[in-house]
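Below is one structure; the comments refer to it alone.
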Amino acid sequence: MEKEFGYENESHLLEKMMEKDFQSQRFHRPICTRFPPEPNGYLHVGSAYAIHMNATLAQKFGGKFHLRFDDTNPLKEDAKFVEAILEDIKWLGYDPGHHVYYGSDYAEMIYEAAVKLIRKGVAYVCELRNEEMVMYRGTLTEAGKDSPYRNRSVEENLERFQDMREGRMSAGAGVLRAKIDMGSPNMNLRDPVLYRIIHTEHYRTGNDWCIYPMYDFAHPIQDRIEGITHSLCSIEFKDHRPLYEWVLEQLECEEPPYQREFGRLNVSGTVTSKRYLRQLVEEGFVDGWDDPRLPTLRGMRRRGYSPESIKSWLNALGLIRHQSTVDPQLLDHFARIELKKKAKGYMIVIDPIKVVITNLKEEEVEWLTIPCHTEDEQLGSREVAFTKELYIEREDFMENPIEGFHRLTRDGEVRLKGAYFIRCQQAIKDERTGLITELHCTYDPLTKSGTGFKGRKVKGTIHWVSAKDAVPLEVRLYRSLLKSDVHIAEEHPDWASCIQPDSLVRYTNAVAEPMLQLHAGEAVQFVRHGYFIEDAKDSSKERLVFNRIVPLKDTWKK
């Protein structure tokens, strides 16, 4: 299947590596992976890929999957993000159960690890100002130079680190650094910062701490505390791996976990950078973190994608070895496969024009039985009213038809889906605008659908809605958020010029047949328009709003 979609999964390197470790019993503990999100934002499709990789690989070897909140920066973190992340992971189908952990719970152990490094003489308190530290660090082509504080005694470093912990130093006045190699070609090994001072209340630990570990220091220690065997990270952490291994080696960990990387997942037409997503939300370019055009799991859920279709898509992508940008239409393909099997069909007119059946009396109503699914009879049928006044799509009528137009025309005939042939005699226009406001037609009672009628044929069949019981609603169609030629590289892009003008198209005067059999959260097929779901945020009894999940046709290969 993967080859069919242009993605190969023949050489799943991570899986082969874990298989080898499992068979050789490299670890005297179960295989264990983890997903370590920062609680400073909402999960997106890249997060879903990382969760999927970690959870499915652990499951394959009968192991455990941990969710650990990397909550070591109180400046950005919030309990609301913790709750949202938990909700999203459970919705996706990867509930970690009781294996939910918090980096902040390990604060004392991480601190003791730092003290151990100081005592070994491989960590020191540096009091260079931030801009000085940058200068001392060097460049990609020039080695850095030692901090003047690098050769402090162990006793002095312990004393100054204690000063940091007890709040006797202001933010920025000092940091704890590892003593590795200022000449290393890997910038991450040029005496990296292990701890910094932050005088801000933490959402879980309050004011217990005013020093917090950097992720690169906390990460391997947390992994070892939890018994993680395989620390699977996205590709940008590859250059950080030597530091991960250095920390565990200096702390003399037995059977240390080890880090391996997979490619970062990007989706064309949108952004997965948390910084860019925050800009789009906070500056009002989108309707919050759950905007259906965003690749956040909240946005995808509101759009109508199911966990099953998302996981099918991720399975098809397989192992991404490098940073990759994939076509979102492949996700649409899997969503469409799922929806085609179970979505009931209804008729909706998104840009209505009224049709008056002149040879039908005002009080006449005929109830037509129309199947809810063209292939699965078990999904039942519904009764649809055929009345004197109907609505059809404005684009389904053309007064002066072009070549190849097979729908309704002046003096032309067309079949109404599940009903009769109608013929148009007259088009009524607004005298001021010239816009057609109403069509006068006749119907042929001998051409009822489903009666075995074998008479004349027409080339076109169109959908319709009875005006008598039409349900007003708003319909929203979504396309890629960004223009196709946009390449985002700036720190703060000009989003107004990057966003595709028709990324969201609203039809506020749409009408639909009554959907009496529809349950909350149930996706439906609107004939000819695609698969839709009621908007969980804006829809109400007073004003129904439906979002299009995907169109009917699969166009990803084109």
> Which FRET efficiency value, to the nearest 0.05, do you get for F285 and L446 by plugging their Cβ-Cβ distance into 1/(1 + (r/R0)^6) with R0 = 60 Å?
Replying inline: 0.60
>> Restricting to Cα pairs below 8 Å that are 6+ residues apart, what does the relative contact order work out to for region 379-472? Please round to a whole percent.
In response: 33
> In whole Å, what is the distance between the alpha-carbon centres of region 77-94 and region 324-346?
Replying inline: 25
> Around I353, what is the net charge, scoring Lys/Arg as +1 and Asp/Glu as -1 over all other residues with Cβ under 14 Å from its Cβ?
Replying inline: -3
> If the cut-off is a Cα-Cα distance under 23 Å, which lysines reach K64, setting aside same-chain residues fewer than 8 apart in sequence?
Replying inline: K16, K20, K90, K311
> Label points 7 Å out from Cα along the Cβ direction at D239 and Q425: separation in nm?
Replying inline: 7.8
> Using just the C-alpha positions of region 159-270 as equal point scatterers, what log10 of I(q)/I(0) does the Debye formula give at each q in 0.14, 0.20, 0.21 1/Å?
Replying inline: -0.72, -1.13, -1.17
> Can you pull out the GluC sites (Glu not before Pro) in region 173-276 that DSSP calls coil and that have at most 14 other Cβ atoms within 10 Å?
Replying inline: E201, E252, E254
>> Just want the answer: with Cβ charges of +1 for Lys and Arg and -1 for Asp and Glu, which residue in V527, G263, Y111 is farthest toward the dipole's positive end in the chain?
In response: V527
> For Rg and Dmax of the Cα atoms in Å, the choices are (i) 28.5, 90; (ii) 30.9, 102; (iii) 27.4, 84; which was calculated from the structure?
Replying inline: (ii)
>> Along the charge dipole of the chain, pointing to its positive end and built from +1/-1 on Cβ of Lys, Arg, Asp and Glu, which listed residue (G404, H492, I225) has its Cα farthest out?
In response: G404
> Do you know the relative contact order of the chain, to the nearest whole percent, from alpha carbon pairs under 8 angstrom that are 6+ apart?
Replying inline: 12
>> I'd like the FRET efficiency for S24 and M187, computed as 1/(1 + (r/R0)^6) with the beta carbon distance as r and R0 of 25 Å, rounded to 0.05.
In response: 0.15
> On average, how much accessible surface per residue is there in the chain, in Å², for a 1.4 Å probe, leaving out ligands, DNA and RNA?
Replying inline: 48
>> Tell me the net charge near R68. Cut-off is 14 Å between Cβ atoms, R68 excluded, with +1 for each Lys or Arg and -1 for each Asp or Glu.
In response: -3
> Could you sort R26, R168 by accessible area so the largest value comes first, with the probe set to 1.4 Å?
Replying inline: R168, R26
>> Using a Cα-Cα cut-off of under 28 Å, which lysines could be cross-linked to K145, ignoring same-chain neighbours fewer than 8 residues away?
In response: K116, K120, K179, K238
>> As a quick test, which of the pairs K354/K388; K388/K541; K340/K388; K341/K448; K274/K340 have an alpha carbon distance above 22 angstrom in this structure?
In response: K388/K541; K340/K388; K341/K448; K274/K340
> For region 42-132, which whole-number percentage of the solvent-accessible area (1.4 Å probe, protein heavy atoms only) is attributable to carbon and sulfur atoms?
Replying inline: 47
> In whole angstrom, and with the biggest value first, how far do the Cα coordinates of region 41-133 range along each principal axis?
Replying inline: 47, 29, 21
> Can you give me the relative contact order of region 296-427 as a percent, contacts being Cα pairs under 8 Å and 6 or more apart?
Replying inline: 17
> For the chain, what is the charge dipole size about the Cα centre, in debye to the nearest 20, if Lys and Arg each add +1 at the Cβ and Asp and Glu each add -1 at the Cβ?
Replying inline: 1280
> In region 240-293, carbon and sulfur make up what percent of the accessible area (probe 1.4 Å)?
Replying inline: 43
> Using the alpha-carbon centroid of each, what span in Å lies between region 158-197 and region 478-533?
Replying inline: 48
> Ignoring ligands, DNA and RNA, what percent of the 1.4 Å accessible area of region 457-518 is carbon and sulfur?
Replying inline: 48
> Quick one: of the DSSP bridges fully inside the chain, what percent are antiparallel, nearest 5?
Replying inline: 65
> Looking at region 418-558, what % of its DSSP beta bridges pair antiparallel, to the nearest 5?
Replying inline: 85
>> Can you give the local net charge around E395? Use residues other than it whose beta-carbon is closer than 9 angstrom to its beta-carbon, Lys and Arg +1, Asp and Glu -1.
In response: -1
>> What's the magnitude of the charge dipole for region 415-548 around its Cα centre, counting Lys and Arg as +1 and Asp and Glu as -1 at the beta-carbon? Answer in Debye, nearest 20.
In response: 1140
> Can you give the FRET efficiency for K468 and E403, using 1/(1 + (r/R0)^6), R0 = 45 Å, r = Cβ-Cβ distance, to the nearest 0.05?
Replying inline: 0.80
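The values are calculated or read from the model by the stated rules, or taken from the named source; none is laboratory data. Please read all numbers here as calculations on a predicted model, not as lab measurements. Cβ sites come from the backbone with ideal geometry, for glycine too, and all protein chains shown count toward neighbours. What goes into the accessible areas is simple: the full protein's heavy atoms, side chains included, and nothing from ligands, DNA or RNA. Shrake-Rupley method; radii C 1.70, N 1.55, O 1.52, S 1.80 Å.
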